[in-house]
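Inspection log for the structure reproduced underneath, given as structure tokens.
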Amino acid sequence: MNSLQRNYLDYLLQKDVRVNLDQIETPFLLIHGREDKICPLEASSYIKENLGGKAEVHIIEDAGHIPFFTKPQECMEHIKTFIQKEYIHDR
């Protein structure tokens, strides 16, 4: 890990931007691996609860921090369904 990467990780550990969640106006899809050891499931739950109905959460079983890598088909299905639903909603 180089110093720039380390600085970004330090920033993420120190910066709390939860107070800015109310600024998000678009629908939001969260895909979270149940076995994620880096970001707890509670983080996705918190985001969903504080986005006033604009967030959708999908938990991927037997997946960790990068579910799109370990479970790409399942992630893709959630993404496609979300996009189709939002596209139909906006018509």
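The values are calculated or read from the model by the stated rules, or taken from the named source; none is laboratory data. No experiment lies behind these values; they were computed from the predicted model shown. Glycine also receives a Cβ, built like all others from the backbone with ideal geometry; neighbour counts cover every protein chain displayed. Just so you know, the surface numbers come from the protein's heavy atoms only, side chains and all, with ligands and any DNA or RNA stripped out. Shrake-Rupley method; radii C 1.70, N 1.55, O 1.52, S 1.80 Å.
Counted by Cβ distance under 10 Å from residue 30, the other residues give a net charge of 0, where Lys and Arg count +1 and Asp and Glu count -1. Principal-axis analysis of the Cα atoms of the chain puts helix 72-90 at an angle of about 50° to the longest axis. Rounded to the nearest 10 degrees, the angle from helix 3-14 to the longest Cα principal axis of the chain is 70 degrees. Residue 66 sits among other residues whose Cβ lies under 15 Å from its own Cβ, and their net charge, with Lys and Arg +1 and Asp and Glu -1, is -2. Split the accessible area of the chain by element, probe 1.4 Å, and carbon with sulfur accounts for 57%.
Given their separation in residues at 0.36 nm each and the Cα-Cα distance between them, residue 10 and residue 86 gain 23.9 nm when the chain is fully extended.
Rounded to the nearest 10 square angstrom, residue 57 shows an accessible area of 40 square angstrom against a 1.4 Å probe.
Taking every alpha-carbon pair under 8 Å whose residues sit at least 6 apart, the chain reaches a relative contact order of 27 percent.
Exposed loop positions in the chain were taken to be GluC sites (Glu not before Pro) whose DSSP state is not H, G, I, E or B and which have at most 16 other beta-carbon atoms within 10 angstrom. Between these positions, the longest stretch is 62-91. Each residue, residue 49 and residue 70, gets one label point 7 Å from its Cα in the Cβ direction; the gap between the two is 2.5 nm. On the basis of the beta-carbon distance and an R0 of 22 Å, residue 19 and residue 41 show a calculated FRET efficiency of 0.55. Is the chain rounded, prolate or oblate when judged by the Cα gyration tensor, a ≥ b ≥ c being the square roots of its eigenvalues, rounded requiring a/c under 1.5 and prolate requiring a/b larger than b/c? Cα axes put the chain in the oblate bin.
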